[in-house]
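Undergrad: Below are the structure tokens for one structure; questions will follow.
Derivation of every value follows stated rules applied to the coordinates shown; laboratory data play no part. This one's a predicted model, so the numbers in the text were calculated from it and none came from an experiment. All Cβ positions, even for glycine, are placed from backbone atoms using ideal geometry, and neighbour counts span all protein chains on display.
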Amino acid sequence: MKELLEIIAKSLVDHPEDVSVSEVDGEQSIILELRVHADDMGKVIGKQGRIAKSIRTVVKAAASKENRRAVVEIIQ
């Protein structure tokens, strides 16, 4: 899950070296915290949050294959 989110985020931003993903594991859920450069926040969130919603959808679909729940948080 972590690698998937990193690949997606790095392909979207201008500063891929500043992308970091931290993972907090629970029993049935995973919280993924995505941090990007301040200039790239708009590119990751998108107009009206559409890109962020798409990222969350893809990660949730990947997590459901493992019978887990994933939550993506975008942190500045």
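Undergrad: If you scan region 21-52, which residues turn out to be within 10 Å of the chain's Cα centre (by Cα) and loosely packed, with under 13 Cβ neighbours inside 10 Å?
TA: Correct list: SER22 only.
Undergrad: Looking at ARG56, is it crowded, with 16+ Cβ neighbours inside 10 Å, out of contact with any Pro (no Cβ under 6 Å at 6 or more places or on another chain), in contact (Cβ under 8 Å) with a residue 40 or more places away in the chain and charged (D, E, K, R)?
TA: Criteria not met by ARG56.
Undergrad: Read through the list (1) more than 17 Å from GLN76 (Cα to Cα); (2) free of Cβ contacts under 8 Å to residues at least 24 places away in the same chain; (3) under 10 Å from the mean Cα position of the chain (by Cα), then give the number of the only condition that LEU4 fails.
TA: Only one criterion in (1) more than 17 Å from GLN76 (Cα to Cα); (2) free of Cβ contacts under 8 Å to residues at least 24 places away in the same chain; (3) under 10 Å from the mean Cα position of the chain (by Cα) is unmet by LEU4, namely (2).
Undergrad: Okay, moving on. Can you tell me which residue within region 3-36, out of those that are assigned to a strand (DSSP E or B) and touching a Leu at 6+ places or on another chain (Cβ under 9 Å), is nearest to VAL59 (Cα to Cα)?
TA: Top of the filtered list is LEU32.
Undergrad: If you don't mind, there's one more thing I want to ask. Please count how many residues of region 63-76 are assigned to a helix (DSSP H, G or I) and surrounded by 15 or more Cβ atoms within 10 Å (Cβ to Cβ).
TA: Residues in region 63-76 being assigned to a helix (DSSP H, G or I) and surrounded by 15 or more Cβ atoms within 10 Å (Cβ to Cβ): 1 in total.
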